Amino acid sequence: MNTIPKIDIVPSPTPLEYLAGVSEDLGVHFYIKREDMTGLGVGGNKLRKLQYLLADAKAQGATMLLTVGGAQTNHGRLTAAVAAKYGMKCAIVSEDVYPGEISSNILLDRIMGADVVLNHSAEDKKPLEEMVQLTIERYEAAGEKVYYIPMGGSNAIGAMGYVDVAKETTDQALAMGLESGTFVTTVGSLGTYTGLFAGLREIGAPFALKGVTIAPFDPPVREAAAGLFRSLKDFAGLSQEDPSEEDFDIETDYDFGAYNNPVGDVRKAIYYMGRREGIILDPCYTGKTFLAICKMVHDEVIAPGSNVIFFHTGGVPGIHGPVHRKEFERELRSGITLL
Ligand SMILES: Cc1ncc(COP(=O)(O)O)c(C=O)c1O
């Protein structure tokens, strides 16, 4: 039983649903774990990590949460939501340049009262470390005690959230009569994947785990996963054998060369899921991962007839960011009838 302090934010368990239409089309038994339905701030996977990070921040007497990420970071939005609910200030610092409008996650961040710090121009960009330092100094001078949360909340403390979800999902799947199958999740900053990896091993679950990267990695993703696993193991006092890097089953063929880039095939996967099941995926994370699943089933990398448990990790506000919205508008305009 884990005794690491945690503040309950997420109404759990989140649903594990069987998708009959996708199952019929793909020829597998397709389940979706609704980690987009975690509640606060329109939900998403980062709230699981923030349950532990918030408890640590409060224990240290922090008055403010400060985190980093892309300008449209989902993790930043959920940090803003948690700060709002628990009476703390919040700042989200990004090396990115102001995208020219207040939309998508930046809009939600501001609605929830978080300050957003961006570079003012591409020509004269300040590095992230300098931006973070300047921002911390500014708030400390105003009397705040700042708690720094790394990118994606993906340190050992945050990854604990997905150690819990490994057990939660396994219990649900077993109760639904599943005896085997593959959990598939997106890999961004690795906390979700590594927490699930450690959690599944801890309970000897009969399910495999596959990650799908959505951007190129440096250092190589398995090396990064092994590093985070080791710090999680030490932090949580897990008595597991160290895995070899090959034990981290992570697909790197579906990142389409960049983070958060608009990709026609990813949008097609989003349209398919929306029209078949009424579930909205996002273009940066879950859309890429679902497309990867479709391709892996087609190529029999995932066995026909097997159970697939896809983690919907949230991110839907990303649809409204200018880069993606313009492509959606262009493709979907033909279905608008003006009478
Ligand atoms: C919607 C969404 N899905 C998946 C991920 C990936 O999770 P992680 O950063 O824990 O790898 C993120 C964040 O990076 C996200 O915002």
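Per-structure values
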quantity: Complete set of residues in the range 321-337 that are part of a helix (DSSP H, G or I), out of contact with any Lys or Arg (no Cβ under 9 Å at 6 or more places or on another chain) and surrounded by fewer than 17 Cβ atoms within 10 Å (Cβ to Cβ); calculated: P322, V323, K326, E329, R330, L332, R333, S334, G335
quantity: Residue check for F183: hydrophobic (A, V, I, L, M, F, W, C), surrounded by fewer than 21 Cβ atoms within 10 Å (Cβ to Cβ) and not in a helix (DSSP H, G or I); calculated: no
quantity: Selection status of T135, surrounded by 14 or more Cβ atoms within 10 Å (Cβ to Cβ) and away from the ligand (no atom under 16 Å from the Cβ); calculated: yes
quantity: Residue match in the range 304-320 (condition: within 13 Å of the ligand (Cβ to nearest atom), free of Cβ contacts under 8 Å to residues at least 60 places away in the same chain and within 26 Å of G69 (Cα to Cα)); calculated: no
quantity: M296 touching a residue at least 24 places away in the same chain (Cβ under 8 Å) and under 16 Å from L332 (Cβ atoms); calculated: no
quantity: Those helices (runs of 4 or more DSSP H) lying entirely in the range 218-317 with at least 3 residues over 20 Å from A156 (Cβ atoms); calculated: 264-277, 286-298
quantity: Qualifying positions in the range 197-213 - near the ligand (Cβ under 10 Å from one of its atoms) and surrounded by fewer than 24 Cβ atoms within 10 Å (Cβ to Cβ); calculated: T213
quantity: Per-region count, the range 208-242, residues aromatic (F, W, Y) and in contact with a helix residue (DSSP H, G or I) (Cβ under 6 Å, 6 or more places away or on another chain); calculated: 2
quantity: Cβ-Cβ under 6 Å pairs, at least 6 apart or on other chains, the range 57-86 side within 23 Å of G100 (Cβ to Cβ), far side more than 12 Å from the ligand (Cβ to nearest atom) and in a loop (DSSP other than H, G, I, E, B); calculated: A71/P99; Q72/G321; A80/M112; A80/A114
quantity: Among (1) within 14 Å of the ligand (Cβ to nearest atom); (2) touching an Asp or Glu at 6+ places or on another chain (Cβ under 9 Å), the one test that F290 misses; calculated: (2)
quantity: Evaluation of K89 against (1) within 12 Å of the ligand (Cβ to nearest atom); (2) not assigned by TED's automatic domain parsing to the domain that holds H312 (one fails), failing number; calculated: (1)
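The values are calculated or read from the model by the stated rules, or taken from the named source; none is laboratory data. As the structure is a computational prediction, the values presented were derived from the model and not from experiment. As a convention, Cβ positions derive from the backbone with ideal geometry for all residues, glycine included, and neighbour counts pool all protein chains shown.
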